Amino acid sequence: MQVIYLISVILGISGQNILRKVFSEKTGGNGVYTFSTLSCLSAAVFFALTASEFHWNTELLPYGIFFALSYGTAMIFSILALSCGPLSLTALITSFSLMVPTLYGLIFLKDPVSFGLYPGLALLAASLFLINKKGNAANGLSLKWLIFVLLSFLGNGLCSVAQTMQQKRFDGQYKNEFMITALLIVVGIMAIATLLKERKNAGKYIRTGWYLSLGCGALNGMVNLFVMILTGLMSVSLMFPLISVGGIVLTFIVSKVFYKEKLTTAQHIGFLLGVGAIVFLNL
């Protein structure tokens, strides 16, 4: 079952990146709050439908708020990064967020330090340098993209930390209750942001990409549910690297085949080093 869960998570992560990219292209990088509201609502409905029972615990609230803030940050800045940068490199940098839960597992959960940690970190640093090394003007990445993708990286990593903390604290219980609580908090925050920032065009954004946002939310619900299940089945410092490698390789193939993305030689080398970094971190 672990293999099935891992494959499903990898496909779900790649699918989310693709749907966000499609929405960003359709709206010219606008409508991020509208998209996020519908996606989070869809994910919350997914967890409600998959819950066999519901027993809410007030002690879930701090973990839910932590996850909600992290998730909102990851989603908004992921869409913004995809609106001004390549799918392949955005997915790669976001996948580096595995370092956040990995370090959490090493420091706080006392997971064993692997011999691949230090070479993995060195390759990761080299990858970031080469990815952001400008070649010709068409392939040069903007500072705006870098800021957006790093904020998405941080939010995505903290989501995984929040999930791990909640599952360890409650011994694998309250998965659905935790996610429904967290996602409804995000829906509330994003709905307010939509009213403040996108009220005039929200209807247009919904008509343009409602199916993309709902699909993205459903995939996100599946990914988060399976990640929480896997947290109780295997070491988090092993699980997240495996998920990240599969996700970025699949997304890279999609970006090349369907989006015809062109990277510089340095960026291609940086991408390969990034994959190598994740492999070493998994040893």
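The values are calculated or read from the model by the stated rules, or taken from the named source; none is laboratory data. Remember, predicted model here, so these are calculated numbers, not experimental data. With ideal geometry, Cβ positions are generated from the backbone for all residues, glycine too; neighbour counts draw on all protein chains shown. What goes into the accessible areas is simple: the full protein's heavy atoms, side chains included, and nothing from ligands, DNA or RNA. Shrake-Rupley method; radii C 1.70, N 1.55, O 1.52, S 1.80 Å.
Specify which of the listed residues (GLU53, GLU25, GLU59) is over 13 Å from the mean Cα position of the chain (by Cα), under 26 Å from LYS204 (Cα atoms) and among the charged types (D, E, K, R).
Exactly one of GLU53, GLU25, GLU59 is over 13 Å from the mean Cα position of the chain (by Cα), under 26 Å from LYS204 (Cα atoms) and among the charged types (D, E, K, R), namely GLU25.
When only residues in segment 116-150 that are modelled with pLDDT of 80 or more and of a type in the set (Gly, Ala, Ser) count, which is surrounded by the most Cβ atoms within 10 Å (Cβ to Cβ)?
SER127
Identify the residue in segment 230-242 that is open to solvent by 50 Å² or more (accessible area, probe 1.4 Å) and assigned to a helix (DSSP H, G or I) and, among all such residues, is modelled with the lowest pLDDT.
Among residues in segment 230-242 that are open to solvent by 50 Å² or more (accessible area, probe 1.4 Å) and assigned to a helix (DSSP H, G or I), the one modelled with the lowest pLDDT is LEU238.
Go through ALA48, ALA68, ALA44, ALA74 for me and flag whichever is among the aliphatic types (A, V, I, L, M), open to solvent by less than 70 Å² (accessible area, probe 1.4 Å) and within 30 Å of GLN267 (Cβ to Cβ). Outline the logic, then answer.
Working: ALA48 fails: within 30 Å of GLN267 (Cβ to Cβ); ALA68 fails: within 30 Å of GLN267 (Cβ to Cβ); ALA44 fails: within 30 Å of GLN267 (Cβ to Cβ).
Every option except ALA74 fails the conditions.
Among the residues of segment 91-115, which ones are open to solvent by less than 10 Å² (accessible area, probe 1.4 Å), touching a Ser or Thr at 6+ places or on another chain (Cβ under 7 Å) and of a type in the set (Val, Ile, Thr)?
THR102
Taking segment 16-41 as the search range and keeping residues that are under 20 Å from ALA182 (Cβ atoms) and among the hydrophobic types (A, V, I, L, M, F, W, C), which one is surrounded by the fewest Cβ atoms within 10 Å (Cβ to Cβ)?
Checked segment 16-41; the qualifying residue surrounded by the fewest Cβ atoms within 10 Å (Cβ to Cβ) is LEU41.
Taking VAL245 as the residue in question, decide whether it is assigned to a helix (DSSP H, G or I), in contact with a helix residue (DSSP H, G or I) (Cβ under 8 Å, 6 or more places away or on another chain), modelled with pLDDT of 80 or more and of a type in the set (Val, Ile, Thr).
no
Kindly provide the set of residues from segment 44-61 that are among the acidic types (Asp, Glu) and either in contact with a Cys (Cβ under 8 Å, 6 or more places away or on another chain) or part of a loop (DSSP other than H, G, I, E, B) (or both), ordered by number.
GLU53
Any residue that is under 28 Å from VAL161 (Cα atoms), open to solvent by 20 Å² or more (accessible area, probe 1.4 Å), in a helix (DSSP H, G or I) and in contact (Cβ under 8 Å) with a residue 12 or more places away in the chain - is there at least one of those in segment 197-213?
First, pick out the residues of segment 197-213 that are under 28 Å from VAL161 (Cα atoms): 212-213.
Add one more test, that the residue is open to solvent by 20 Å² or more (accessible area, probe 1.4 Å), and what stays is none.
No: zero hits.
Which one of GLY105, GLY172, GLY157 is within 18 Å of SER235 (Cβ to Cβ), touching a residue at least 24 places away in the same chain (Cβ under 8 Å) and part of a loop (DSSP other than H, G, I, E, B)? Before you say what the answer is, go through the steps one by one.
On the way: GLY105 fails: part of a loop (DSSP other than H, G, I, E, B); GLY157 fails: part of a loop (DSSP other than H, G, I, E, B).
Going through GLY105, GLY172, GLY157 in turn, the sole match is GLY172.
What number of residues within segment 255-265 are assigned to a helix (DSSP H, G or I) and open to solvent by 20 Å² or more (accessible area, probe 1.4 Å)?
The qualifying residues number 3.
Out of VAL187, VAL149, VAL227, VAL223, I need the residue that is within 30 Å of CYS84 (Cα to Cα), assigned to a helix (DSSP H, G or I) and in contact with a Phe, Trp or Tyr (Cβ under 8 Å, 6 or more places away or on another chain). Which one? Give the steps one after another, and end with the answer.
Details: VAL187 fails: in contact with a Phe, Trp or Tyr (Cβ under 8 Å, 6 or more places away or on another chain); VAL227 fails: in contact with a Phe, Trp or Tyr (Cβ under 8 Å, 6 or more places away or on another chain); VAL223 fails: in contact with a Phe, Trp or Tyr (Cβ under 8 Å, 6 or more places away or on another chain).
On inspection, the qualifying residue turns out to be VAL149.
For segment 58-79, does any single residue satisfy the condition of being under 30 Å from LYS262 (Cβ atoms) and among the charged types (D, E, K, R)?
no
For segment 27-43, name all the residues that are touching a Leu at 6+ places or on another chain (Cβ under 8 Å) and part of a helix (DSSP H, G or I).
VAL32, PHE35, LEU38, SER39, CYS40, LEU41, SER42, ALA43
Within 17 Å of the chain's Cα centre (by Cα) and either assigned to a loop (DSSP other than H, G, I, E, B) or within 20 Å of LEU49 (Cβ to Cβ) (or both): is that true of ALA162 in this structure?
No; evaluated as a whole, the condition is false for this residue.
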